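Following: one structure in structure tokens, then a few remarks.
The values are calculated or read from the model by the stated rules, or taken from the named source; none is laboratory data. Predicted model, so just to flag it, every value in this text is computed and none were measured. No Cβ is skipped: glycine too gets one built from the backbone with ideal geometry, and neighbour counts run over all protein chains shown. These area figures cover heavy atoms from the full protein model, side chains too; ligands, DNA and RNA do not enter into them. Shrake-Rupley method; radii C 1.70, N 1.55, O 1.52, S 1.80 Å.
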Amino acid sequence: MQPKPASNAGLNDGYVYRDRIGAGDAGRTALAYLTDRYRHSTEDEWRARFQRGEVQLDGVTVAGDALLRTQQELCWHRPPWFEAETPDSFETVYEDASVVAVVKPGGLPTLPSGGYLKNTLLSFVRKRWPEASALHRLGRATSGLVLFSRTHEAAARLSRDWREGRVEKCYRALSDGVAAQEDYDIHAPIGLVPHPLLEAVHGASAKGKASHSHAVVLERRAGQTLFAVRIHTGRPEQIRIHLAYIGHPLTGDPIFAVGGLPREHLPGLPGDGGYLLHAETLAFTHPVSGERLRLYAPPPPELRTAEER
């Protein structure tokens, strides 16, 4: 019998959340500021944190009635908390002195967020390359290619190429419904929309930012369509929103319904999984050599066509 791998669930080291006070918030109490800015917690929860001495203003522990001044630094010293277990390995696809590309497994956050601090791809990558910085991110449930820079120069050049559209990204996605067309050119703007459990999430919105995806049918299945999706902009949740917008939300997506908006009844939260989305190819110009690189991460079996399987 093979030994069971050790779990990576457990306490992290805690984290300090820092806010620089702007002119518009001068004169407010620290309690009112934090309660209004971070609505994931109630006023009573923030009051308890003040009482436990977790909040400091310019390095001094304060009570909730402390008045704020412009340019002060307000910090919440969040104590260590329990992180749920996640995958803790990744595959290296490309490595040199300037960049590293890895394949992220589904279920592992790319960056600290949503209650994860130590169990993230960034944390695990930095155990091998301490200087690495992620140039983009994938959603926790999404698998596939993530590119890291190892120098400031590489980060600056690749970030510029990303902004100017010179980095190519193609994904595979399994969606509900049988597509009527062979391909779809999608331009639905993406912006913040109401969510019943959160103040807002990203979704299809006429007031949002310009967004562009191109989806091509790879295979039709019983009640489903396997798409290849190339994104020309990098908005949050872009593929999930755009495929839902054209009537093909990702199979198992807990948030987005047809139309690209949160489900009417009990929509999930941004970090929830249940869908299949994979970053398959990534093409970019090497920041030092100028060579055009095209990297590939084989999709999981569920996102392969019958011929590929």
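Could you work out which residue, out of Leu197, Leu67, Leu226, moves most in a Gaussian network model of the chain, that is, has the largest mean-square fluctuation with Cα springs under 10 Å?
So, out of Leu197, Leu67, Leu226, the one fluctuating most is Leu67.
Can you work out the accessible area per residue across segment 161-309, with the rest of the protein chains kept in place, probe 1.4 Å, in square angstrom?
Accessible surface, normalised per residue, equals 49 Å².
What range in the chain is the longest one free of chymotrypsin sites (Phe, Trp or Tyr not before Pro) that are in a loop by DSSP and have at most 14 other Cβ atoms within 10 angstrom? Walk me through the numbers before you get to the answer.
Details: sites that count: Tyr38, Trp81.
Value returned for the longest uninterrupted segment is 82-309.
Which percent of Cα pairs goes in each bin when the distances of segment 170-231 are cut into 5 angstrom slices starting at zero?
Values per bin, smallest distances first: 4, 18, 19, 18, 17, 16, 8, 1.
By a straight-distance test (C-alpha under 12 Å), which aspartates and glutamates pair with Lys104 as possible cross-link partners, with residues fewer than eight away in the same chain excluded?
Lys104 reaches Asp88, Glu91, Glu280.
Round to the nearest 10 and give me the degree value, 0 to 90, for the angle of helix 152-163's Cα axis relative to the longest principal axis of the chain.
Between helix and principal axis, roughly 60 degrees.
Just to be sure I understand: of the beta bridges DSSP finds with both ends in the chain, what percent are antiparallel, rounded to 5?
Numbers: 67 of 69 bridges.
Counting DSSP beta bridges with both partners in the chain, the antiparallel share is about 95 percent.
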